[in-house]
Structure formats: C-alpha cells, structure tokens
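**Q** Please see the structure below; I have some questions.
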Amino acid sequence: MSDPHAGFIIASYAFTAFVIGGLVLRAIIDHRAQRRALKQLEARGVRRRSARQEAAP
C-alpha cells in the first residue's frame, strides 16, 4: 500500500536538500571571496590586529 502523501514528502525533502546545498555553496564562495580580499589587503600593507598583538612584547 502506497502512502498518498509520498509525493509531497519526497518533494519537501528534495527542496530542503536543495536549499541547504545552496547555503553551503554560498558559504564556500563567500569564504573564498573573503580570503581573496584579505590577501589583497595584506599585499597593500594592511595587517590584522591579531598579528599586532602577537608582535607586541
């Protein structure tokens, strides 16, 4: 006997997986963009505050 709501349940899981996959992909893309921006700032001579604290006596 087949569940009459199986189509809705499968579609709900598929949509949820799609949304979560999109969020993960966006996080990965944003992480790469932030690393690129940080490298550009460091190339211009801007340093991180954490690097200054490590150098302090």
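**Q** How far apart, in nm, are two points set 7 Å out from the Cα along the Cα-to-Cβ line at Arg44 and at Ile20?
**A** 3.9 nm
**Q** Compute log10 of I(q)/I(0) for the chain with the Debye formula, placing one identical point scatterer on every Cα and leaving out solvent, at q = 0.29 Å⁻¹, to two decimals.
**A** For the chain, the Cα-only Debye profile gives -1.05.
**Q** Per residue, how much accessible area does the chain have with a 1.4 Å probe, in Å²?
**A** 99 Å²
**Q** Express the carbon and sulfur contribution to the solvent-accessible surface of the chain as a percent, rounded to the nearest whole number, probe 1.4 angstrom.
**A** Roughly 63 percent of what the probe reaches on the chain is carbon or sulfur.
**Q** Positive end of the dipole of the chain, charges at C-beta (+1 Lys, Arg; -1 Asp, Glu), about the Cα centre: which of Val24, Ala14, Gly45 has its Cα farthest in that direction?
**A** Gly45
**Q** Assuming R0 = 35 Å, can you tell me the calculated FRET efficiency for the pair Ile28 and Asp3, based on Cβ-Cβ distance, to the nearest 0.05?
**A** Approximately 0.45, to the nearest 0.05.
**Q** Does anyone have the angle between helix 6-43 and the longest principal axis of the chain? Alpha-carbon axes, 0 to 90°, nearest 10?
**A** Orientation of helix 6-43: about 10 degrees from the principal axis.
The values are calculated or read from the model by the stated rules, or taken from the named source; none is laboratory data. Nothing here was measured: the structure is a model prediction, and the numbers come from that model. All Cβ positions, glycine included, derive from the backbone under ideal geometry; neighbour counts span all protein chains shown. Note: areas computed on protein heavy atoms with side chains; ligands, DNA, RNA excluded. Shrake-Rupley method; radii C 1.70, N 1.55, O 1.52, S 1.80 Å.
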